[in-house]
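The structure under discussion appears below in the form of structure tokens.
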Amino acid sequence: MDLKKELNKEQYLAATHVEGPLLILAGAGSGKTRVITYRIAHLIRNCGVSPYNILAITFTNKAAREMAERASFLLGEENLYGIWINTFHAACGKILRRYADRIGFNSNFIIYDETEVQVVLKECLRRLNIDEKYLDPKAVRKYISKAKDEMISWKDFTKSHDTYNNHLFRMVSEVYKMYQETLLANNAMDFDDMILMTIKLFKENPDVLDYYQEKFKFIMVDEYQDTNMAQYEFVRLLASKYKNLCVVGDDDQSIYGFRGADIRNILEFENEYHDCKVIKLEQNYRSTQNILDAANRIIKNNTERRHKRLWTEQGHGEPITRYEAEDQNDEALYIVSAIQDGVRKGMKYSDFTILYRINALSQTIEKALTRFGIPYRVYGGLKFFDRKEIKDIVCYLRVLDNPLDDVALRRIINVPKRGIGEVSYNNAYDIALREDTNVLNVFLNAGNYPELSRTASKLASFALKIMDIMMKKDTMAISEYVKYVIYESGMIEELKRENTDEAESRIENLMEFISVANEYESEVLESPDAENLNNLTSFLQNIALSTDMDKQEEVDADTVTLMTIHNSKGLEFPVVFVIAMEEGTFPSMRAEMPEEVEEERRLCYVAITRAKKKLYLTHSRLRLLYGRTNYRVPSRFLRELELKAEKEEDRSEKSTTFRTGAVRKGAFGRVVNSVGDVKALNQQTGKVDTKDFKVGDRVKHKKFGNGTIVKMEGSGDKTVVEIQFDSTGMKRLMLAYAKLSHI
């Protein structure tokens with residue numbers, strides 16, 4: 001093992017540093033795991049340090065296994081006996097199993113998973129007579145977990161908020177207290193407790209702390225930028241005696257502030273350890289210089305960071321492509337064409353990944369990939385139509401379209417929660433079979449059946465709500481009705497009460513489902529069979545056929561990967577598309593404070609540095625999202641990158657894909673053979689001169705009937721009109737493609 005030959009200069013300096021604190025600022029793709037494992041090997045083989053005296057901490061079991069495997073490859077498994085290479089929770093678990101009795105637990109304590117935590121919280125709410133409809137157990141869990149990350153006990157929680165004037169926090173305080181008492185009584189901990197209880201053990205038992213300080217004379221922590229306050233304190237206590245603490249991380253990749261990660265832990269490391277040695281790993285082994293230059297340009301705009309500049313010996317590579325699409329469909333089809341072009345040139349589908357800021361953005365991309373037969377998978381999540389909330393709303397629509405659909409009815413009977421159990425449903429189902437009727441009809445008459453007496457009022461109330469919603473089915477356009485059902489079902493209200501990041505994502509997906517309906521309407525309007533297709537049944541059939549196609553493609557391992565940028569951290573791909581780079585989406589509209597914008601910029605840096613050879617950045621002038629079409633402003637991150645946008649009209653000259661003449665769907669969903677052939681597009685769509693219309697004109701629309709133009713935005717082909725239709729209400733339409741006629 002010749003470290004000088006196998007490591008670059010900075011890696012060598014980091015791997016061979018022995019005594020005292022060490023901060024390794026490891027840029028993206030700079031080989032930080034390699035450095036940590038070589039440092040472990042150096043300490044054991046060249047410095048005579050016993051494996052027993054080394055603790056290496058990672059954030060995931062996968063990372064821990066990889067580190068152990070690499071160290072074993074360098075030293076041999078027999079030479080690593082006694083070393084701890086663990087996650088925070090695994091390391092704390094080992095310590096607590098030995099000394100749990102010192103803090104009031106037995107050594108066989110239970111670790112509750114999230115499902116079991118919810119059971120305990122619900123029981124606490126019941127005992128405190130707090131209605132779950134007012135205080136959702138998942139919301140309580142979020143408050144408690146955040147408090148534990150910040151090392152705030154239930155006693156301190158009552159002081160950390162103005163609980164005298166805030167009824168919500170007073171209730172959370174009471175639940176927090178009872179929750180902790182229940183865990184102790186059950187000899188149980190949650191995952192947050194494992195770190196907190198270890199800190200408690202150390203602080204209340206100096207002899208235990210001294211034992212582990214002597215044992216772990218050399219400590220290494222990976223991904224230090226992602227540590228929260230409790231993890232920081234755990235490491236600080238262990239390292240306080242010998243200070244042989246090596247932390248590795250990249251402040252520019254700190255993207256988990258919403259989970260409690262505190263970037264100050266890495267930025268202020270030198271302030272706590274004044275004799276700290278700092279080594280920067282800036283040579284990148286993943287990406288081309290053009291990609292790294294983009295990453296450098298974007299991240300330099302952050303103020304809360306340590307300066308680093310990534311570089312590589314791999315050459316400049318291909319230029320970065322910024323594409324400005326007309327709308328989300330044009331964006332999706334541009335991506336499809338680029339993938340097809342790459343595959344024709346010998347690349348694999350698995351060479352491509354598509355990154356987005358929020359899950360809801362995947363829907364249009366998935367639809368385009370499916371349409372063109374491109375296999376894909378959604379990494380770290382479910383495909384759009386496989387997500388629980390989407391399946392739930394689809395089942396609502398199925399029941400509203402076909403009340404005999406007992407399978408769909410069974411799924412939604414308790415969505416949102418109504419206190420109707422499986423026993424009640426099964427009893428109703430048996431009655432329906434016995435009386436040769438449907439389950440919904442049994443619900444309506446539940447008071448007539450003794451076996452349904454306990455839930456009769458709830459069942460009848462649900463059935464009446466379904467019947468009431470069903471009455472509106474034929475009075476609204478598909479998209480309006482979908483939106484109406486989403487809200488009337490109570491799903492949105494329940495998710496808002498939950499008040500978690502997951503619930504917010506589910507709400508976004510439900511809002512995006514309105515866009516699915518909206519797009520279906522647009523497609524139907526252009527179909528020669530429009531009169532037969534424009535109904536709820538055909539809409540549900542369209543969804544069913546799409547999802548069946550998705551399932552058939554899952555068997556192909558060579559697939560395009562779709563994922564959120566957060567899920568992409570630590571991964572790399574030859575070709576990366578970062579989509580929807582628009583203000584309000586990326587950066588997120590929720591990023592209001594300077595520190596929140598800086599985290600969004602770090603997220604952009606992470607997205608860029610996932611690309612090895614080619615990077616595409618796309619945005620759209622118009623985007624249908626959450627059921628509304630709005631003009632979009634390019635992301636400030638694109639301005640910071642100073643990239644000229646390639647536009648749709650440039651494609652016929654620049655894109656080899658479209659010169660092949662392959663039929664594709666162009667701007668605003670029209671089929672064209674050449675993107676540059678505007679005249680042919682106009683003839684095919686029957687596009688009209690937008691100057692012929694003005695505010696106040698009475699117009700007729702094929703589907704929505706007669707109406708009055710009340711507002712016009714934009715100009716030329718981009719003119720959007722708002723029309724108050726006499727029978728179907730307000731609609732926003734692209735004037736160039738609405739096929740309006742004057743009355």
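The values are calculated or read from the model by the stated rules, or taken from the named source; none is laboratory data. Predicted, not measured: the structure shown is a model, and the values here were computed from it. Because the Cβ atoms are built from the backbone with ideal geometry, glycine has one as well, and the counts that use them run over all protein chains shown. Please note that ligands, DNA and RNA were not included when accessible areas were found on the heavy atoms of the full protein model with its side chains. Shrake-Rupley method; radii C 1.70, N 1.55, O 1.52, S 1.80 Å.
Run the numbers for Arg371 and Asn205: contour at 0.36 nm per residue of separation, minus the present Cα-Cα distance, in nm. Provide the component values of the computation, followed by the final result.
Values: separation 166, 0.36 × 166 = 59.76 nm, distance 6.36 nm.
Roughly 53.4 nm would be gained on extension.
Using only the Cα atoms, what convex hull volume per residue in Å³ does region 389-529 have? Don't skip to the end; give the middle numbers.
Details: hull volume 15.7 nm³, N = 141.
Spread over its residues, the Cα hull of region 389-529 gives 111 Å³ apiece.
Label zone (Glu69, point 7 Å along Cα-to-C-beta; backbone nitrogen cut-off 19 Å) within region 571-595: 571-573. Based on protein heavy atoms only, the chain ends up with 44 Å² per residue of surface accessible to a 1.4 Å probe.
Within the P(r) computed for region 76-118, what percentage of the Cα pairs occupies the region above 13 Å? Percent of Cα pairs beyond 13 Å in region 76-118: 66. In this label model, Ser461 and Leu571 are separated by 4.3 nm, measuring between points 7 Å along each Cα→Cβ vector.
Rg ratio for region 556-610: its Cα radius of gyration over 2.2 N^0.38 Å, N being its residue count, equals 1.26.
For Lys711 and Glu595, the FRET efficiency from 1/(1 + (r/R0)^6), where r spans their Cβ atoms and R0 equals 41 Å, is about 0.60.
Which pairs in the list Lys32/Lys383; Lys612/Lys644; Lys142/Lys458; Lys483/Lys691 are over 24 Å apart, alpha-carbon to alpha-carbon? Intermediate values should be presented prior to the final figure.
Values: Lys32/Lys383 33 Å; Lys612/Lys644 21 Å; Lys142/Lys458 30 Å; Lys483/Lys691 33 Å.
Pairs exceeding 24 Å: Lys32/Lys383; Lys142/Lys458; Lys483/Lys691.
Short version: what are the Cα gyration tensor semi-axes of region 10-117, square root of 5 times each eigenvalue, largest first, in whole Å?
Values: eigenvalues 178, 58, 35 Å².
Its equivalent ellipsoid spans semi-axes of 30, 17, 13 Å.
Placing a pseudo-label 7 Å from each Cα along the Cα-to-Cβ vector at Asp275 and Val119 gives an inter-label distance of 5.2 nm.
Convex hull volume per residue, computed on the Cα atoms of region 125-258, equals 132 Å³.
Within region 1-93, report the GluC sites (Glu not before Pro) that DSSP leaves as loop and that have at most 15 other Cβ atoms within 10 Å.
Working: sites: Glu6, Glu10, Glu19, Glu66, Glu69, Glu77, Glu78; in loops: Glu19.
Counting only loop positions with at most 15 other Cβ atoms within 10 Å, the GluC sites (Glu not before Pro) in region 1-93 are Glu19.
Can you check what the Kirkwood hydrodynamic radius comes to for the chain, Cα pairs only, in Å to one decimal? Write out the running numbers ahead of the final one.
Working: mean 1/r = 0.0341 Å⁻¹.
Value: 29.3 Å, from the Cα pair sum.
Considering only Thr303, Asn205, Gly249, and ranking their Cα positions along the charge dipole of region 205-314 that arises from unit charges at the beta-carbon of Lys, Arg, Asp and Glu, the one farthest toward the positive end is Thr303.
From the helices alone, meaning DSSP H stretches of at least four residues, give me the mean residue ellipticity at 222 nm for the chain, per-run term -39500 (n - 2.57), in deg cm²/dmol to the nearest 500. Each step should come with its number before you reach the end.
Details: 33 runs with 350 residues, N = 743.
Calculated from helices alone, the mean residue ellipticity at 222 nm is -14000 deg cm²/dmol.
Evaluate E = 1/(1 + (r/R0)^6) for Asn535 and Arg97, where r is the Cβ-Cβ distance and R0 equals 51 Å; express this FRET efficiency to the nearest 0.05. Mind showing how you got there, number by number?
Numbers: r = 62 Å, r/R0 = 1.21.
The calculated FRET efficiency here is 0.25.
Loop-located GluC sites (Glu not before Pro) across region 559-650 with a Cβ neighbour count of 12 or fewer within 10 Å are Glu592, Glu642, with loop assigned by DSSP. Using the Cβ-Cβ distance between Arg639 and Asp436 with R0 = 45 Å, the FRET efficiency computed as 1/(1 + (r/R0)^6) comes to roughly 0.10.
Starting from the eigenvalues of the Cα gyration tensor, five times each then square-rooted, give me the equivalent ellipsoid semi-axes of region 51-200, largest first, whole Å.
On the way: eigenvalues 269, 46, 38 Å².
One finds semi-axes of 37, 15, 14 Å for region 51-200.
Calculated from the alpha-carbon coordinates, region 229-341 shows an Rg and a Dmax of 19.7, 61 Å respectively.
Using alpha carbon centroids, what distance separates region 312-336 and region 1-66, in Å? When both Cα centres are located, 37 Å separates them. Which aspartates and glutamates, on any chain, are close to Lys465 with Cα under 13 Å apart, when same-chain ones fewer than 8 places away are left out? Output for Lys465: Glu488.
Between Leu464, Pro416, Tyr379, the Cα set farthest toward the positive side of the dipole of region 356-486 (charges on each charged residue's Cβ, about the Cα centre) is that of Tyr379.
Rounded to the nearest 10 degrees, the inclination of helix 388-401 to the longest alpha-carbon principal axis of the chain is 20 degrees.
If I compute solvent accessible area with a 1.4 Å probe over the protein chains, what percent of it on region 353-462 is carbon and sulfur? Before the final figure, lay out the partial values.
Values: 2270 of 4610 Å².
Carbon and sulfur together cover 49 percent of it.
If you roll a 1.4 angstrom probe over the protein chains with everything in place, what fraction of the accessible area of region 1-90 belongs to carbon and sulfur, to the nearest %? Mind showing how you got there, number by number?
On the way: 2010 of 3990 Å².
It is 50 percent, rounded to a whole number.
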